[in-house]
Amino acid sequence: MSDDANLFAQQQANRRRSTWLTLGFILFFAWVGFGGDLAFWLLTADAPPDAYHHVVPFIGILSVLSAAAICWYSWRHGAERVLWATGAWELIEPGTPEQKQLMNVVEEMAIASGLPKPRVWIVPDADPNAFATGRDAATASVAVTEGLLATLSRDELQAVIAHEMAHVRNLDVRLMTLLAGMIGAIALLSDGMGRMIGRGGRLGGRAGALRAGGRRGGGKGNPLGVVILVLWLLTLVIAPVISRLLAMAVSRKREYLADATGAQLTRNPMALASALEKLAGATAATESITQGAAHLCIVDPSPGLMSSREGFLADFVASHPPIRQRIVRLQGMAYQQAKRETAGAGSPQ
Amino acid sequence: MGTIVLLAVIAGIVLWMVGAYNGLISLKNQVVNGWKQIDVQLKRRHDLIPNLVNTVKGAMDFERSTLDAVISARNRAIGATGVQQTAKAEGELTQALGRLFALTEAYPDLKATNNVAQLQEELTSTENKIGFARQLYNDVATQYNTRQMQFPTNLVAGLAKASPAELWEIEDAGERAVPTVDLSPNKRGA
């Protein structure tokens, strides 16, 4: 029962976080939009009557609308986009023994976790990795790379799938998939705005007029306009970094929990430990998984960077806890389990 | 005034009874459903075994006794009724199958046949599914049993025709672990 209560609390927390994330995202776009409007308005306030006056905050309205659209899209189609971006294909009719085994293992873990069977995808990549995505258990997808199928034994594969099913059951997938969509959108926005402003400055367009306005005025409102403009530009520059750091922080906490829940499902913590060992040993990067979806994976797709290190900086930047620590925790669980079993041999589990 | 209080108390008791009754019925259905899930996998397992035996028969003819043991254990398992009997028969079947799988190790050409490997994978998976479905069933059944014995739910237990559900007990420690029969071709380098 306490497991159920814990699970419920986890799901509630993830629902709440998803809502806050969406709100934060829309607020960020509102700042980008209306902040820009404010700067323009302040800077064009002193312009001559025949020149352009920025009165209607259409940048703000537009960007809030598009933020809402992006949220809606991430909610509806985020999982498809993530899968599409990795080039994954859906496994429906297993052909090879490996594929059949994957299908079987997924069915087993669906029974163990008491969830409907998720859709199964294969990512054509030689580096072993896996991730889960979707809104909830009914729309969930589990994807593994070809490399994972080739390197892991049956028990290890089962452990990895159990880890992914734990993410599905805790509703981690919802938060993570939303985040993936938003990271993509922010990166695109930052890129696009940067390019637009750059070009505007060169061609002496609106930004040029702005600068002229700033120079000419020097009055009360304008320094504020400049400050806001600088802040505004700064937000655009650091937003992609911040959003990625947020994703990493969100993901890191969840990995230990999914490890533990997964080990509970299979009752075999050592299998996950040895799977992680193998995944850690594969030093190549998972090339088909881009930065925007890194936080979804069971191990960091670009290894060697941070996930193998420990310490403050690594804690801050890495999307995953150090694999060593995860393995040590799983070994601890295995030890506890062995102790229980020898103590209570003969009693029903 | 007194009548209103009395009526409110009676209404409260009736409401509670309805809730407790419905809760018991829903748990009972979950137990039945949990058993059905096990049953589906057991059927699948029983269907797979003749295929396996037929496939390996030619190559392993002089292991007749092992094959016969598997067949008879399967037939006993099909005939078993009730949770206890089924659990016992299926446990024996698992052991007989384990011996057969151990023997196939001695026949590399048999293992190389894709068909045998596939059947083994299917049987391993089915056994795992039985194991996990059993876990789920035992959890729900325990919850149901506890609920109908606890005060005050036990007062409506008779009304809901609730009786303790049998748990699927595992006899020996060897069977307690998820079977590690793994001869599948999906090993590193294969």
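The values are calculated or read from the model by the stated rules, or taken from the named source; none is laboratory data. Everything numeric in this text was worked out from a predicted model, so none of it was measured. Quick reminder, even Gly has a Cβ in these numbers, built from the backbone with ideal geometry, and neighbours come from all protein chains shown.
Worth a mention:
- Within segment A:12-63, tally of residues that are in contact (Cβ under 8 Å) with a residue 24 or more places away in the chain and either of a type outside the set (F, W, Y) or under 18 Å from A:L188 (Cα atoms) (or both): 31
- Residues located in segment B:97-131, provided they are closer than 30 Å to B:V83 by Cβ and of a type in the set (D, E, K, R): B:R99, B:E121, B:E122, B:E127, B:K129
Residue by residue, here is whether (1) buried (at least 17 other Cβ atoms within 10 Å of the Cβ); (2) more than 30 Å from A:L7 (Cα to Cα); (3) away from chain B (no Cβ under 14 Å) holds:
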{"position": "A:Y52", "(1), (2), (3)": "no, yes, yes"}
{"position": "A:F58", "(1), (2), (3)": "no, yes, yes"}
{"position": "A:S63", "(1), (2), (3)": "yes, yes, yes"}
{"position": "A:Y73", "(1), (2), (3)": "no, no, yes"}
{"position": "A:A79", "(1), (2), (3)": "yes, no, yes"}
{"position": "A:E90", "(1), (2), (3)": "no, no, yes"}
{"position": "A:E107", "(1), (2), (3)": "yes, no, no"}
{"position": "A:P118", "(1), (2), (3)": "yes, no, yes"}
{"position": "A:P124", "(1), (2), (3)": "no, yes, yes"}
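- Among the candidates B:V40, B:V70, B:V116, B:V56, residue that is within 14 Å of chain A (Cβ to nearest Cβ), at negative phi and surrounded by 19 or more Cβ atoms within 10 Å (Cβ to Cβ): B:V116
Conditions tested, residue by residue: (1) in a helix (DSSP H, G or I); (2) among the small types (G, A, S).
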| site | (1), (2) |
| --- | --- |
| A:N6 | yes, no |
| A:Q11 | yes, no |
| A:A30 | yes, yes |
| A:L43 | yes, no |
| A:H54 | no, no |
| A:A68 | yes, yes |
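- Filter result for B:L103 (more than 19 Å from the chain's Cα centre (by Cα), closer than 30 Å to B:V18 by Cβ and away from chain A (no Cβ under 14 Å)): no
- Count of segment B:65-85 residues which are within 22 Å of B:G34 (Cα to Cα), modelled with pLDDT under 90, touching a helix residue (DSSP H, G or I) at 6+ places or on another chain (Cβ under 7 Å) and β-branched (V, I, T): 0
- Residues of segment A:132-191 classified as assigned to a strand (DSSP E or B) and surrounded by 24 or more Cβ atoms within 10 Å (Cβ to Cβ), total: 6
- Count of segment B:122-155 residues which are at the interface with chain A (Cβ under 9 Å from one of its Cβ atoms) and among the aromatic types (F, W, Y): 1
- Residue identified as more than 23 Å from B:D109 (Cβ to Cβ) and of a type outside the set (D, E) among B:L27, B:L52, B:L48: B:L27
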